[in-house]
């Protein structure tokens, strides 16, 4: 009888231990499930059970999205056509004249003489009628003539030193002495002096 009592007690203890172990496993499973739901379980803990974390899935999704975004951005950059450079507005007649005088003075500073043609200035002969619309320009040493072209629709005006704006008729010319920094209308008389910076061309 004593032996049978001991055996019964051992069986009861073993059964209690098994039930206790199963209870612990059940509680652990509940805790793990709760952590998975709340997203607080780390990837390393789930990897023990052979699982994949939601964080890893989210990271993979984000990485794919970022890669796709970078690919699209790269494609946009590689296919973007540079904006064309705007064509500069034509220079005003006065600005064109000053640019020409600048070239002539630079030529004189380099060669100690004045140019006799546009070729001396490195310009094509077509510059004669292209620098100022409606005006034919003729450099002759230190003297440059600006002749109003006959037969076109453009009209040339210039201001005299007294402030009066006068028309340069077709075929008439403004003569400028660059060395003396003086310009005249028609003839080189004192009363015919004009301000070349005031020239205006109308259509």
- Task: Going by C-beta contacts inside 10 Å, put 101, 118, 146 in order with the fewest on the left.
- Result: 101, 118, 146
- Using 7 Å Cα-to-Cβ label points, what is the residue 149/residue 113 separation (nm, one decimal)? 3.1 nm
- Message: Can you give me the Kirkwood hydrodynamic radius for segment 93-202, using every pair of distinct Cα atoms, in Å to one decimal?
- Response: 14.0 Å
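Taken together, the values in this text are just the output of simple stated rules run on the coordinates, not laboratory data. Every value quoted in this text rests on a predicted model; they were computed, and no experiment measured them. Every residue, glycine among them, receives a Cβ derived from its backbone with ideal geometry; neighbour counts consider all protein chains shown.
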